[in-house]
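The values are calculated or read from the model by the stated rules, or taken from the named source; none is laboratory data. All values derive from a computational prediction rather than experimental measurement. All Cβ positions, glycine included, derive from the backbone under ideal geometry; neighbour counts span all protein chains shown. The accessibility values were calculated without ligands, DNA or RNA, using every heavy atom of the protein model including side chains. Shrake-Rupley method; radii C 1.70, N 1.55, O 1.52, S 1.80 Å.
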Amino acid sequence: PGPGPVKAPSVRALLPGLHLLETEVEDFDVRAALLVGGERAVLWDTLAHPSQMEAVAGLAGGRPLTVVYSHSDWDHAWGTCALKGVQAVVAHARAAERFGTDVPAELRRRQAREPGVWDAVRLVPPTETFTRLHALDLGGATLQLHALPGHTPDCIVGLVPEWGVLLAGDTVEMPLPVVNDGGAVAEWAEALAGWHGDGRVTTVVPSHGRVGGRELLAETLAYLRGLGSGKGPEDLAALPPFYRETHRRNVALAVPTVGS
């Protein structure tokens with residue numbers, strides 16, 4: 001385990017060439033994914049702390065390594081500085097903007113609140129950015145990066161069509177997603193509906209919660225569409241405390257549905 005509350009991730013192979021690094025931070029789980037192709041390895045997110053990246057080099061097997069940020073939140077992008085020989089750090093253009101504003105502010109806040117725990121973190125901003133679509137050739141498979149704002153303006157998803165895998169980041173979350181901008185929910189839901197109807201997707205890998213099929217897209221979509229009417233889980237008490245509070249906050253932020 002890492003210092004203080006930082007836990008080392010467990011590693012499991014979901015598919016040949018797709019390894020999941022899974023751990024917990026504070027009161028929720030989080031996962032990164034390492035995609036290993038014939039010519040390149042791509043790490044989808046770097047978790048919250050440099051100490052959580054120890055398994056990556058061995059799994060990559062000496063292949064050139066590219067990092068992709070699903071978005072710039074602290075639990076997805078703070079482990080990068082521990083990685084050696086990274087060829088590029090790819091993210092949405094809005095993610096690069098955040099490294100000049102709220103990302104360093106969040107690091108300062110956590111360093112003040114938990115002395116010593118976050119001292120090893122050195123922020124590594126994106127070196128390559130895009131706004132709508134970007135493709136990475138793994139060798140035998142392609143990771144297609146698509147912008148999907150909603151949870152944050154810099155959120156993206158990654159499709160590997162040869163594997164039927166959609167890396168969903170925080171655009172899909174179990175048991176429910178985190179809303180930061182109520183005005184973004186309608187567009188977010190519309191984009192998820194498009195992916196739900198995409199027959200290339202057979203496996204959905206969120207950054208939080210269980211891995212599954214396209215039903216995860218349907219569940220998050222239904223939740224987002226119901227928010228404007230104040231709808232949500234039938235049994236709030238059954239949710240972990242983090243998600244109970246998240247739902248209350250989501251409802252407060254949601255734009256009311258006309259006629260509700």
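Quick notes
- Taking trypsin sites (Lys or Arg not before Pro) as exposed when their DSSP state is a loop state and no more than 13 other Cβ atoms lie within 10 Å, the longest site-free interval of the chain runs over 1-83.
- Residues whose placed amide H lies under 5 Å from that of M174, excluding near-sequence neighbours: H208, G209, R210
- When Rg and the Kirkwood radius Rh are both evaluated on Cα atoms of the range 215-260, their ratio Rg/Rh stands at 0.97.
- This model, with +1 at the C-beta of Lys and Arg and -1 at the C-beta of Asp and Glu, gives the chain a dipole about its Cα centre of some 220 debye.
- Taking amide H as placed 1.01 Å from N in the peptide plane, the amide H of V25 sits under 5 Å from that of V30, each at least 5 places away or on another chain.
- Gain in span if fully extended, R109 to D181, counting 0.36 nm per residue against the direct Cα distance: 23.7 nm
- Based on C-alpha pairs under 8 angstrom that are at least 6 apart in sequence, the chain has a relative contact order of 13 percent.
- Solvent-accessible area per residue, Å², over the range 140-256 with all protein chains present [probe radius 1.4 Å]: 39 Å²
- Accessible carbon and sulfur surface of the range 1-148 relative to its total accessible area, %, 1.4 Å: 52 percent
- Mean Cβ count within 10 Å, highest first, over the residues of peptides 133-141, 153-161, 165-173: 165-173, 153-161, 133-141
- Positive minus negative residues near G164 (Lys, Arg vs Asp, Glu; Cβ under 12 Å): 0
- Calculated volume of the Cα convex hull per residue in Å³ (choose from [x] 121; [y] 268; [z] 217), label: [x]
- Cα gyration tensor shape for the range 1-154, rounded if a/c is under 1.5, else prolate or oblate: oblate
- When the charge dipole of the range 1-114 is built from unit charges on Cβ atoms (+1 for Lys and Arg, -1 for Asp and Glu) and taken about the Cα centre, the candidate among V25, G37, A105 whose Cα reaches farthest toward its positive end is G37.
- From helices alone, the chain scores -7000 deg cm²/dmol at 222 nm; the rule is -39500 (n - 2.57) for each run of n ≥ 4 DSSP H residues, then divide by the residue total.
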